[in-house]
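These notes are about the structure you will find just below.
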Amino acid sequence: MTDQTPSAPITQDVLTIPRKLPQTGRTNIVGLTRPQLHEALIAAGTPERQARMRVGQVWQWVYHWGVRDFAAMTNLAKDYRALLAEHFEIVLPELVTRQISRDGTRKYLVRIAGGHEVEVVYIPEEGRGTLCISSQVGCTLTCSFCHTGTQKLVRNLTPAEIVGQVMLARDDLGEWPVQGAPKDETRLVSNIVLMGMGEPLYNFENVRDAMKVVMDGEGLSLSRRRITLSTSGVVPEIARTAQEIGCLLAVSFHATTDEVRDRLVPINRRWNIATLLEALRDYPRLSNSERITFEYVMLDGVNDSDADARRLVKLIQGIPAKINLIPFNEWPGAPYRRSSPERIRAFADIIYKAGYASPIRTPRGEDIMAACGQLKSATERGRKTRAQIEAEAS
Ligand code: SF4
């Protein structure tokens, strides 16, 4: 493995927009599920018998063509477009900065209601492009290897703020189809991972509704098998993920004893390894074609011994799984160091010989602090009360 010391990125586009968000009193269409949009259109004066058709039309304009102006929705009558513009808006989070790493990884800092900021990362690879999106400002949890874990939870993201991250990335990549142009099946954002800032299962309903919008075949149309939700182990919500979202599941596992996992992933004190594995064995969508991904960060001298590797294989026996080995990505003040390349390879060999795929994740975007576990925004909860923060989001 080459010297990983980050150096100044080759290109850095910084665009700062210090602007307070306007309160319009109009409903943001982004993030509404189909039933919610149906209800809102009727409440705004759409005749009930037309509502289903209108939902389909508006949905296509917003999520297939990426249109943000009702006036441009040309298959709708002018007076109906005026009605939409009076009652609704199409608002995404604001792009504050965009950084591009020397390896092509892009990191976006975006601003949401209340002026809070979250990070989103786009990772281009051969034949696919993965968008790593956030579900909370800061995090409910405090995993000790994770930079986000040092940022107190400010609030959950709304469905609009989650879906908005996908739309914003498509804007930046110029991925919206152009009317009249030949159909282009290439997807630059081909995969989504809920592995950014926050624990998605502590924001279940908003994440579920947002993924329903993203998976809808008439709009953004990302298949459920192209979406992976990563949890640190919120056991009561795991089965619901299969039943109500249906995406692939990843688990921030990172240790093979409760003693070590209590330190690395403190939620383990609530639902320990045995309880978590039981929930995974009962995962409703478990199959060889839909394996659970066990994420395992490689920390020097902490969880990377041969004994750990053997224990890991034993613990997950009988679960269709793959193990993603993540060389630790350092961040300022981090209490750990990355395992050596030789140690990581030896660990991977033991797992591989036991019959599990054990890819070693190539760190991406390290030079712009976009690698796994490096995300953190400057937003702190400050003196605002919980009520004030929640009011800003509604
Ligand atoms: S690993 Fe995930 S759950 Fe843990 S602190 Fe980081 S963002 Fe939160």
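The values are calculated or read from the model by the stated rules, or taken from the named source; none is laboratory data. Worth saying up front: this structure is predicted, and the values here are computed from it rather than measured. With ideal geometry, Cβ positions are generated from the backbone for all residues, glycine too; neighbour counts draw on all protein chains shown. When the accessible area is computed, the model is the full protein with side chains, heavy atoms only, and any ligands, DNA or RNA have been set aside. Shrake-Rupley method; radii C 1.70, N 1.55, O 1.52, S 1.80 Å.
Please state which one of Gly56, Gly115 is open to solvent by less than 50 Å² (accessible area, probe 1.4 Å), at positive phi, more than 16 Å from the ligand (Cβ to nearest atom) and of a type outside the set (S, T, N, Q). Only one candidate qualifies: Gly115.
Is it the case that region 39-51 has a residue that's outside the structural domain of Val297 (by TED's automatic domain parsing), on the phi > 0 side of the Ramachandran plot and open to solvent by 20 Å² or more (accessible area, probe 1.4 Å)? Yes, region 39-51 contains a residue that is outside the structural domain of Val297 (by TED's automatic domain parsing), on the phi > 0 side of the Ramachandran plot and open to solvent by 20 Å² or more (accessible area, probe 1.4 Å). Restricting attention to region 162-176, the residues being in contact with a helix residue (DSSP H, G or I) (Cβ under 7 Å, 6 or more places away or on another chain) and in a loop (DSSP other than H, G, I, E, B) number 1. Selection of region 339-379 for residues being of a type in the set (Ser, Thr, Tyr), open to solvent by less than 60 Å² (accessible area, probe 1.4 Å) and free of Cβ contacts under 8 Å to residues at least 40 places away in the same chain yields only Ser358. Candidates are the residues of region 127-143 that are within 8 Å of the ligand (Cβ to nearest atom) and not in a loop (DSSP other than H, G, I, E, B); the one that is least open to solvent (accessible area, probe 1.4 Å) is Gln136. Confirm whether Leu286 is buried (at least 18 other Cβ atoms within 10 Å of the Cβ) and under 23 Å from the mean Cα position of the chain (by Cα). So Leu286 does not fit the description; no. When each of Arg106, Arg102 is tested for being open to solvent by 40 Å² or more (accessible area, probe 1.4 Å), at pLDDT below 95 and assigned by TED's automatic domain parsing to the domain that holds Arg364, the lone residue that passes is Arg102. Within region 224-267, the set of residues being of a type in the set (D, E, K, R), free of Cβ contacts under 8 Å to residues at least 40 places away in the same chain, over 15 Å from Pro284 (Cα atoms) and out of contact with any strand residue (DSSP E or B) (no Cβ under 7 Å at 6 or more places or on another chain) comprises Asp258, Glu259, Arg261, Asp262. From the residues in region 59-99 that are under 26 Å from the mean Cα position of the chain (by Cα) and of a type in the set (A, V, I, L, M), which one is most open to solvent (accessible area, probe 1.4 Å)? Of everything passing the filter in region 59-99, Val91 is most open to solvent (accessible area, probe 1.4 Å). Any chance region 165-177 includes a residue that's touching a residue at least 12 places away in the same chain (Cβ under 8 Å) and within 16 Å of the ligand (Cβ to nearest atom)? Yes: region 165-177 contains one or more residues that are touching a residue at least 12 places away in the same chain (Cβ under 8 Å) and within 16 Å of the ligand (Cβ to nearest atom). Could you please tell me which pairs satisfy a Cβ distance under 9 Å, a separation of 6+ or placement on different chains, a first residue in region 39-61 that is free of Cβ contacts under 8 Å to residues at least 12 places away in the same chain and among the β-branched types (Val, Ile, Thr), and a second residue that is part of a helix (DSSP H, G or I) and open to solvent by 50 Å² or more (accessible area, probe 1.4 Å)? Hits for this filter: Ile42/Glu48.
Only a single item in (1) under 30 Å from Arg111 (Cβ atoms); (2) in a loop (DSSP other than H, G, I, E, B); (3) modelled with pLDDT under 90 is not met by Asp367, and it is number (2).
Condition check ((1) touching a Lys or Arg at 6+ places or on another chain (Cβ under 6 Å); (2) surrounded by fewer than 17 Cβ atoms within 10 Å (Cβ to Cβ); (3) more than 20 Å from Ile323 (Cα to Cα); (4) modelled with pLDDT of 95 or more) across all residues:
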{"residue": "Tyr202", "(1), (2), (3), (4)": "no, no, yes, yes"}
{"residue": "Leu220", "(1), (2), (3), (4)": "no, no, yes, yes"}
{"residue": "Ala250", "(1), (2), (3), (4)": "no, no, no, yes"}
{"residue": "Arg281", "(1), (2), (3), (4)": "no, yes, no, yes"}
{"residue": "Val297", "(1), (2), (3), (4)": "no, no, no, yes"}
